[in-house]
Amino acid sequence: MALVLSKIGIRNLFNGYFKKIFNKIRRNKYDILFVVKGDVLSIVEWEKIFSHIDIPNKYMYQWDSIRNIDYRKLIPLFDKVFSFDRLDCNEYNSIHYLPLFYNLDNHYQDSTPIYDLLFVGIWHSDRIAILDKIYSQAKAANLKVYFKIYYPFFTWLLLRLKGHVINSPFLTFRKISKTKMNWLYSKSRSIIDIAHPFQSGLTMRTMECIGANKKLITTNKYICQERFYDPDNIRVIDRSNPIIDFSFLEICTQYPFNEEFHIKNWIKNIFHNE
């Protein structure tokens with residue numbers, strides 16, 4: 001029997017469910033523990049779990065960089081640790097490099113595009129400023145775009161009451177459903193990826209773009225080190241001066257090895273020794 005603790009499940013531990021889940025784990029025998037974002041629990045809590053429960057195979061996957069969230073103290077507690085951050089894996093031999101995955105439906109992949117550029121994401125850092133610059137170029141080139149930046153309404157309201165005004169025609173308080181995201185991917189020729197400035201790992205948006213065989217415009221220069229990188233498919237832009245040559249949109253897109261990043265094969269990669 002395998003036990004998987006998701007990010008959402010781990011968060012519930014902070015809401016008073018730690019003891020309940022701890023007792024449930026202790027009453028059952030598990031062969032595998034797979035943890036995503038183990039840093040959400042403290043090292044004291046993990047040591048309590050492992051001092052009372054014997055699980056032969058303990059794996060952890062991190063999709064945050066160590067310079068954002070320092071989880072190094074947790075590494076010795078697990079048999080194998082994976083990360084989406086190549087720089088962290090190069091620095092620490094005990095961390096195995098594994099990019100994120102995609103889980104897009106294939107139903108819409110052959111659909112005729114109606115948008116040239118697509119961006120849907122959560123607000124952070126300089127995303128609005130970069131999108132403004134890209135939008136100006138796209139408008140001058142007569143390209144059709146779909147840009148949405150999600151911002152939680154109560155966070156926006158709280159900041160506004162404090163005098164911090166964030167305005168953009170791309171802002172939305174509504175999350176976009178998975179069904180609509182699949183449709184948007186199918187109807188777009190290219191996907192824009194604006195990674196966090198302090199993060200070098202490839203985003204989920206990047207992997208979804210590869211899975212959907214779409215052009216990618218990204219601020220993440222580290223993608224050039226990936227074996228699937230091809231400048232005919234992927235253009236890296238300078239976030240301070242995001243100049244884009246849109247002519248590459250006319251080239252046929254096909255990513256090699258993209259099936260290995262589907263969530264089914266990604267999970268097999270985690271447990272390939274089991």
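The values are calculated or read from the model by the stated rules, or taken from the named source; none is laboratory data. Since the model is a prediction, treat every value here as computed from it, not as a measurement. Glycine gets a Cβ as well: all are built from the backbone with ideal geometry, and neighbour counts include every protein chain shown. Keep in mind that these areas ignore ligands, DNA and RNA; they rest on the heavy atoms of the full protein, side chains included. Shrake-Rupley method; radii C 1.70, N 1.55, O 1.52, S 1.80 Å.
Values computed for the structure shown
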| item | result |
| --- | --- |
| Selected residue (only one of 168, 190, 200 is of a type in the set (Gly, Ala, Ser), open to solvent by less than 10 Å² (accessible area, probe 1.4 Å), under 22 Å from residue 129 (Cβ atoms) and not in a strand (DSSP E or B)) | 200 |
| Check on residue 54, surrounded by fewer than 16 Cβ atoms within 10 Å (Cβ to Cβ) and either touching a Pro at 6+ places or on another chain (Cβ under 6 Å) or within 30 Å of residue 21 (Cβ to Cβ) (or both) | yes |
| Some residue of segment 226-237 being open to solvent by 40 Å² or more (accessible area, probe 1.4 Å), over 15 Å from residue 210 (Cα atoms) and free of Cβ contacts under 8 Å to residues at least 40 places away in the same chain | no |
| Failed condition for residue 72, given (1) free of Cβ contacts under 8 Å to residues at least 24 places away in the same chain; (2) open to solvent by less than 70 Å² (accessible area, probe 1.4 Å) | (2) |
| Scan of segment 135-165 for residues that are in a helix (DSSP H, G or I) and either open to solvent by 90 Å² or more (accessible area, probe 1.4 Å) or closer than 22 Å to residue 250 by Cα (or both), ordered by number | 135, 136, 137, 138, 139, 140, 154, 158, 160, 161 |
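Results for (1) among the polar types (S, T, N, Q); (2) modelled with pLDDT under 75; (3) open to solvent by 90 Å² or more (accessible area, probe 1.4 Å); (4) not in a loop (DSSP other than H, G, I, E, B), shown as yes or no for each residue.
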residue	(1), (2), (3), (4)
12	yes, yes, no, yes
17	no, yes, yes, yes
21	no, yes, no, yes
25	no, no, no, yes
30	no, no, no, no
33	no, no, no, yes
50	no, no, no, yes
